[in-house]
Amino acid sequence: MTTAVRDSHAHTAVAAELDAEYAGVGWWGTLYRAPHRRRWYRLIPVEEVDGDQRSELLAWHTRPRRPELVPVVPGEQGEQRQLAGRWFQVVSYETDAPRALADALAEDSAAARLASVAAALRALPAWRAAIGPELVALPADIVLSGHGPLLLPLPAWGAPSVGQLFAEPQRLAHLAPQAARGLPAGDRDPALHALGVAALSCFEAPRDADAERLLQRAACAAVFADRPHGGRLPSWTRRVEPVRAAHEQLRALTSGTRTVDAPRLAGILDEARRAMDPLAAVAALRAEGRPRKAVGLAHAALVDSPGYPLLILAAEIAHQDLGDPLEALSLLERAVQTDPARSEAYTAQLSIIGGLWAVVQGRLAGATDGSFAHRLLTTARTAFDRLPPDRRREHAHEMAVCLIGQGELAEANAFAHRWLHDGATLMWWRLDLMLDYADTFLLLGRLDEAEQVAQQVGAGLRRLRENGQMGRREIHEHGMRYAEFVRELHDRRDGGSRG
């Protein structure tokens, strides 16, 4: 066994003497960051590096700089240092990158983890071209700058010693199965395998094991065995096809049963990452013509990721695609409770409830004990009152329909009159609200007033047709409603009854 740093106390002691922070285990050595000095350090036990390797490291100080690699620079206090009682070969890098891929993989957001790994996969071909085919990079070997991932390079030395592998089990976890068995890599790409393991860790965590057991698991491509749906993803994402496909692709890659190049794998991870946005996943199912599955997925996602926009989208699908206004209202009520200050839920509530009354014309109240209809009206009143003052006029029609449907005719009449007037000006062009106003007079039996308002509507329709200030479809809809109203008015005058 080597004298490599193996426990947190040793890491802390070394970091303190180095005036840096421990950043993680690299393929060779351990990494420390000191971004305030624009430095990262790789510490390799001196007994692991021979004279030829030291010469190679010194040669890197004068190599031409490449944009995808962090420059190797001379150490401020020499290339070998005694830290916490041990001697290390110190490889110094010049960068102010604040974190490594290892830090990104520890983030709570699965999408953020995948984005970081995908970026590293896209950079892999350039790294391999610069270093050689034996390149293997662990998450701590890759730093994340504002311009993307950069590699903390070393010469292409291949795998570290068995002692080093056993000293830090993280290295074993990223070891390709053939390498763990002592076999040539063949057509397998060790660097792609290592990043595949990093990507798979975004979905599930490796099983805990001592070094010997972990080596056996690595040799059998079973580092993640018996964890088909590991616990690093929200449970709802298991129902999302791009996420499942990416997970299966990574399992196949790390087990050696399927090959894929790095850019293609990065694209697969990006698809999974986008699908981890519950809004995007639900909208995708809706676009595929599967609204019921979309609403079901929204309910599952809301358990892990409760959010106002998702509730609004799910309510819209329930109402418009499934024709289930009560489910939509239930979702909207949850949205109101989630964020009472936002107006989208209130406008949707008014639209749905107004639509219900427009269809049933109050028969819903008669078909029940009235309590449900009363709750609908209470919801509508609350929604209207909570709208911003400058938004209420545009939704006055829906509120008037709710009042009419519930039989609150006198209130509906006064309500329509109020919102049809801007000071002394009658907004005759609000044909929807004008017809609501006429309806209240008709239902109250005030036929002369109803006819006067109907004449104003007729005149307004003619004027709007002539000046083109309203779309033809909208004019047609108002015209159809106006014609139905005129027929009902004539029936009333002839002694008939409405409905």
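The values are calculated or read from the model by the stated rules, or taken from the named source; none is laboratory data. For clarity, every value in this text was computed on a predicted model and none was experimentally measured. Neighbour counts are summed over all protein chains in view; Cβ atoms, including those assigned to glycine, are modelled from backbone coordinates with ideal geometry. Side chains included, ligands, DNA and RNA excluded: accessible areas come from the protein's heavy atoms. Shrake-Rupley method; radii C 1.70, N 1.55, O 1.52, S 1.80 Å.
Checking the conditions here, which among 441, 415, 384 is touching a helix residue (DSSP H, G or I) at 6+ places or on another chain (Cβ under 7 Å), assigned to a helix (DSSP H, G or I), aromatic (Phe, Trp, Tyr) and more than 18 Å from residue 354 (Cα to Cα)? Quick ask: steps written out before the conclusion?
Numbers: 415 fails: more than 18 Å from residue 354 (Cα to Cα); 384 fails: more than 18 Å from residue 354 (Cα to Cα).
Going through 441, 415, 384 in turn, just one is touching a helix residue (DSSP H, G or I) at 6+ places or on another chain (Cβ under 7 Å), assigned to a helix (DSSP H, G or I), aromatic (Phe, Trp, Tyr) and more than 18 Å from residue 354 (Cα to Cα): 441.
Yes or no, residue by residue, for (1) open to solvent by less than 40 Å² (accessible area, probe 1.4 Å); (2) more than 20 Å from residue 161 (Cβ to Cβ); (3) basic (Lys, Arg):
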| residue | (1), (2), (3) |
| --- | --- |
| 18 | yes, yes, no |
| 34 | yes, yes, no |
| 44 | yes, no, no |
| 52 | no, no, no |
| 91 | yes, no, no |
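Mind checking which pairs have a first residue in the range 298-309 that is of a type in the set (D, E, K, R) and a second that is exposed (fewer than 14 other Cβ atoms within 10 Å of the Cβ), Cβ under 7 Å, 6 or more apart or different chains?
What qualifies is 304/235.
List the number of the failed condition for residue 414; all other conditions in (1) over 31 Å from the mean Cα position of the chain (by Cα); (2) modelled with pLDDT under 85; (3) surrounded by fewer than 20 Cβ atoms within 10 Å (Cβ to Cβ) hold.
(2)
For the list (1) surrounded by fewer than 23 Cβ atoms within 10 Å (Cβ to Cβ); (2) in contact (Cβ under 8 Å) with a residue 60 or more places away in the chain; (3) closer than 20 Å to residue 12 by Cα, I need the number of the one condition that residue 163 fails.
(3)
Going by the conditions given, is residue 266 surrounded by 14 or more Cβ atoms within 10 Å (Cβ to Cβ), among the hydrophobic types (A, V, I, L, M, F, W, C), farther than 30 Å from residue 120 by Cα and at pLDDT 95 or above? Steps first, please.
Numbers: surrounded by 14 or more Cβ atoms within 10 Å (Cβ to Cβ): yes; among the hydrophobic types (A, V, I, L, M, F, W, C): yes; farther than 30 Å from residue 120 by Cα: no; at pLDDT 95 or above: yes.
Against the criterion (surrounded by 14 or more Cβ atoms within 10 Å (Cβ to Cβ), among the hydrophobic types (A, V, I, L, M, F, W, C), farther than 30 Å from residue 120 by Cα and at pLDDT 95 or above), residue 266 does not qualify.
Report whether or not residue 472 is open to solvent by 70 Å² or more (accessible area, probe 1.4 Å), within 44 Å of the chain's Cα centre (by Cα) and free of Cβ contacts under 8 Å to residues at least 12 places away in the same chain. Write out each step before concluding.
Details: open to solvent by 70 Å² or more (accessible area, probe 1.4 Å): yes; within 44 Å of the chain's Cα centre (by Cα): yes; free of Cβ contacts under 8 Å to residues at least 12 places away in the same chain: yes.
Considered against the rule, which asks whether it is open to solvent by 70 Å² or more (accessible area, probe 1.4 Å), within 44 Å of the chain's Cα centre (by Cα) and free of Cβ contacts under 8 Å to residues at least 12 places away in the same chain, residue 472 comes out as yes.
Quick check on this structure: which one of 280, 246 is surrounded by fewer than 21 Cβ atoms within 10 Å (Cβ to Cβ) and either modelled with pLDDT of 90 or more or charged (D, E, K, R) (or both)? Don't jump to the end; show me each part of the working.
Working: 246 fails: surrounded by fewer than 21 Cβ atoms within 10 Å (Cβ to Cβ).
Result: 280 is the single residue among 280, 246 that is surrounded by fewer than 21 Cβ atoms within 10 Å (Cβ to Cβ) and either modelled with pLDDT of 90 or more or charged (D, E, K, R) (or both).
Do you know which residues across the range 31-80 are among the β-branched types (Val, Ile, Thr) and either in contact with a helix residue (DSSP H, G or I) (Cβ under 7 Å, 6 or more places away or on another chain) or over 16 Å from residue 99 (Cα atoms) (or both)? Give the derivation first.
Going residue by residue through the range 31-80, those that are among the β-branched types (Val, Ile, Thr) are 44, 46, 49, 62, 70, 72-73.
Within the range 31-80, 44, 46, 49, 62, 72, 73 meet the criteria.
Within the range 95-110, is there a residue that is free of Cβ contacts under 8 Å to residues at least 40 places away in the same chain, surrounded by 18 or more Cβ atoms within 10 Å (Cβ to Cβ) and not in a loop (DSSP other than H, G, I, E, B)? Steps first, answer last, please.
Initial filter on the range 95-110 (free of Cβ contacts under 8 Å to residues at least 40 places away in the same chain): 106-109.
Applying the additional criterion that residues be surrounded by 18 or more Cβ atoms within 10 Å (Cβ to Cβ) yields none.
No, the range 95-110 contains no residue that is free of Cβ contacts under 8 Å to residues at least 40 places away in the same chain, surrounded by 18 or more Cβ atoms within 10 Å (Cβ to Cβ) and not in a loop (DSSP other than H, G, I, E, B).
Filter the range 29-65 for residues that are over 18 Å from residue 95 (Cβ atoms), part of a loop (DSSP other than H, G, I, E, B) and touching a residue at least 12 places away in the same chain (Cβ under 8 Å) and give the result.
Passing the criteria: only 49.
Residues of the range 138-161 being at pLDDT 95 or above and either assigned to a helix (DSSP H, G or I) or among the small types (Gly, Ala, Ser) (or both), which ones?
139, 140, 141
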